[in-house]
Structures are given as C-alpha cells and as structure tokens.
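**Student:** There's a structure below that I have some questions on.
The values are calculated or read from the model by the stated rules, or taken from the named source; none is laboratory data. Given the structure is predicted, the values throughout are model-derived calculations rather than measurements. All Cβ positions, even for glycine, are placed from backbone atoms using ideal geometry, and neighbour counts span all protein chains on display.
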C-alpha cells in the first residue's frame with residue numbers, strides 16, 4: 001500500500017512516529033493482519049514491526065488478537081482521536097498542577113528573589129530587545145498587559161486595531177478588572193467597527209486619522225513600538241522593539257496625549 005508522504009506527516013499529529021504512522025494506516029486498510037503482512041504492506045522492516053506494533057498497542061491505536069498467528073486489529077480513528085485528546089488534556093492538567101505546586105515552594109521564592117536582585121542591578125541599556133514575528137509581538141504584549149498595574153495606551157492602525165481585538169481582548173479585559181486605565185487610538189472604519197464593540201468594554205477609544213503609528217506604553221515605562229507597516233509587512237517578518245525606561249516612554253506618552261486631545265471619542 002502506497003501512502004503519500006504528506007498524509008503520513010499529518011498523521012504524526014496523533015503523536016506517532018514515521019513507522020507507527022505507516023503500520024497503523026496499513027492496518028486500517030486491512031482491518032486485521034499479522035505483523036509480517038503489515039511489514040510488507042507498509043514497507044517497514046520486519047525486525048522493527050513487532051516493537052512498533054507493541055508501541056501502538058500501548059498507545060491504544062491497535063488491539064492484539066490472541067491466537068496463532070498473532071494478529072492485530074485496528075482501533076477506529078474516531079476512538080483514537082478521543083483517547084489522544086483525553087491523554088493530552090490529562091497530561092496538561094497534571095503538568096499544570098505540578099507547576100502550581102511549585103509556586104508554593106521555597107525554590108520558587110528564591111528564584112523570585114534572585115530575579116528581583118538581578119533586575120535591580122541591570123544596566124538600563126540591557127532592558128531592551130527586538131521581538132520578531134507578529135505572533136511573538138502579541139504574546140509579549142499579552143504578558144505585559146497581564147502584569148500591568150496602572151495604565152495601558154495603544155496607538156495602532158485600522159488593521160492592527162481589529163487584530164488586537166482578536167488577540168489581546170482577554171488580557172485587556174483582565175487588566176480593566178484590576179483597575180488599569182486603558183486608552184486606544186486607531187482609525188475606525190466599517191472594516192473594524194466590530195472590534196470597537198469588543199474593546200470598548202475595557203478601553204476608552206478615540207478615532208485617530210491624523211497620524212499613523214504602532215506602539216504601546218504600559219505603566220508609563222514599558223514601550224513596544226513596531227517599525228513596519230502592518231498592511232505591507234508579512235506577519236513573520238514584522239518586528240517590534242521593546243524598551244523599558246521612564247524617560248523614553250514619556251516621549252511616546254506625549255505623542256499619544258497630543259493626538260488623544262485632537263481625536264473624537266468612539267461610542
């Protein structure tokens with residue numbers, strides 16, 4: 001049986017390696033077969049077939065039928081998917097509980113103390129960096145928003161406004177619940193009007209059409225500004241610059257406040 005390579009690669013999403021994927025798909029096509037038959041069908045070395053089938057049995061993809069010769073029965077993909085999903089969820093739950101327990105240990109307390117000591121002695125020149133890729137930019141913004149205490153200001157484009165409503169709404173809503181003041185300046189149009197409904201629940205929004213910029217300032221000290229036009233830059237090649245200094249942040253705050261005064265409130 002010839003199975004296309006792309007198809008086998010997709011089957012690996014089930015948590016299978018190459019040989020496992022080949023033997024399982026071969027068994028699915030037959031329903032039941034011996035290890036030797038599957039080896040020939042899937043083009044897997046016979047010396048490896050028994051080990052691989054044993055691994056598939058442990059993972060719940062096949063059932064070994066007793067008798068001679070030993071044959072294997074394929075478990076349906078629907079049942080396998082449910083098993084894999086349950087395993088992933090259970091494993092994630094176990095890891096989450098383990099990490100939560102770690103929060104209460106002396107090791108975690110010492111790590112926090114080390115971090116605070118290190119940050120206090122860091123040269124301000126080191127509190128900066130480049131974040132590559134739009135997905136990574138939003139992940140970092142989410143992290144900063146989750147740790148915000150006082151204020152968040154965002155100046156963005158019309159497309160950026162819509163994207164932020166999709167990617168940042170949860171962390172912004174939680175920041176609002178903590179009492180963080182959030183302001184957003186963006187060009188409002190028919191294409192991003194739905195984003196207004198999403199973000200107006202947590203932020204004051206004004207329609208800015210006079211000046212195009214992409215930046216965020218968090219707690220008057222953390223600045224992330226994007227250097228490229230998000231309408232033309234590919235998401236993978238977009239990048240942002242993060243700087244943590246009060247003095248530098250004040251320049252962006254002044255720019256924001258100037259256009260905030262000139263812009264009209266969106267209701």
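**Student:** Working only within the range 40-51, note down all residues that are closer than 19 Å to residue 68 by Cα and either in a loop (DSSP other than H, G, I, E, B) or under 39 Å from the mean Cα position of the chain (by Cα) (or both).
**Tutor:** 49, 50, 51
**Student:** So which of 236, 254 ends up being in contact (Cβ under 8 Å) with a residue 60 or more places away in the chain and surrounded by fewer than 17 Cβ atoms within 10 Å (Cβ to Cβ)?
**Tutor:** Unique residue meeting the criteria: 236.
**Student:** A further question follows. Output the number of residues of the range 174-227 satisfying the condition of being in contact (Cβ under 8 Å) with a residue 60 or more places away in the chain and part of a strand (DSSP E or B). Step through it out loud before you land on a result.
**Tutor:** Initially, the range 174-227 is screened for residues in contact (Cβ under 8 Å) with a residue 60 or more places away in the chain, giving 183, 185, 188, 196, 200, 204-206, 215-220, 222, 224, 226.
Next, from what is left, pick out any that are part of a strand (DSSP E or B): 183, 185, 204-206, 215-218, 222, 224, 226.
Residues meeting the conditions: 12.
**Student:** May I ask you to list the residues in the range 9-20 that are surrounded by 17 or more Cβ atoms within 10 Å (Cβ to Cβ), modelled with pLDDT under 85 and part of a helix (DSSP H, G or I)?
**Tutor:** Listed by number, the list holds a single entry, 11.
**Student:** Being under 20 Å from residue 19 (Cβ atoms) and assigned to a helix (DSSP H, G or I) is the requirement here; does residue 56 meet it?
**Tutor:** Numbers: under 20 Å from residue 19 (Cβ atoms): yes; assigned to a helix (DSSP H, G or I): yes.
It is true that residue 56 is under 20 Å from residue 19 (Cβ atoms) and assigned to a helix (DSSP H, G or I).
**Student:** Another question about this same structure. So residue 189 fits all but one of (1) buried (at least 19 other Cβ atoms within 10 Å of the Cβ); (2) in contact with a helix residue (DSSP H, G or I) (Cβ under 6 Å, 6 or more places away or on another chain); what number is the exception?
**Tutor:** So residue 189 meets the others, but not (1).
To keep it simple, each residue is scored yes or no on (1) touching a residue at least 60 places away in the same chain (Cβ under 8 Å); (2) under 16 Å from residue 21 (Cα atoms); (3) part of a helix (DSSP H, G or I); (4) not assigned by TED's automatic domain parsing to the domain that holds residue 39.
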residue: 64; (1), (2), (3), (4): no, no, no, no
residue: 68; (1), (2), (3), (4): no, no, no, no
residue: 72; (1), (2), (3), (4): no, yes, no, no
residue: 82; (1), (2), (3), (4): no, no, yes, yes
residue: 85; (1), (2), (3), (4): no, no, yes, yes
residue: 89; (1), (2), (3), (4): no, no, yes, yes
residue: 93; (1), (2), (3), (4): no, no, yes, yes
residue: 97; (1), (2), (3), (4): no, no, yes, yes
residue: 110; (1), (2), (3), (4): no, no, yes, yes
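**Student:** Counting just the residues of the range 229-267 that are assigned to a loop (DSSP other than H, G, I, E, B) and in contact with a strand residue (DSSP E or B) (Cβ under 7 Å, 6 or more places away or on another chain), which one comes out farthest from residue 211 (Cα to Cα)?
**Tutor:** 238
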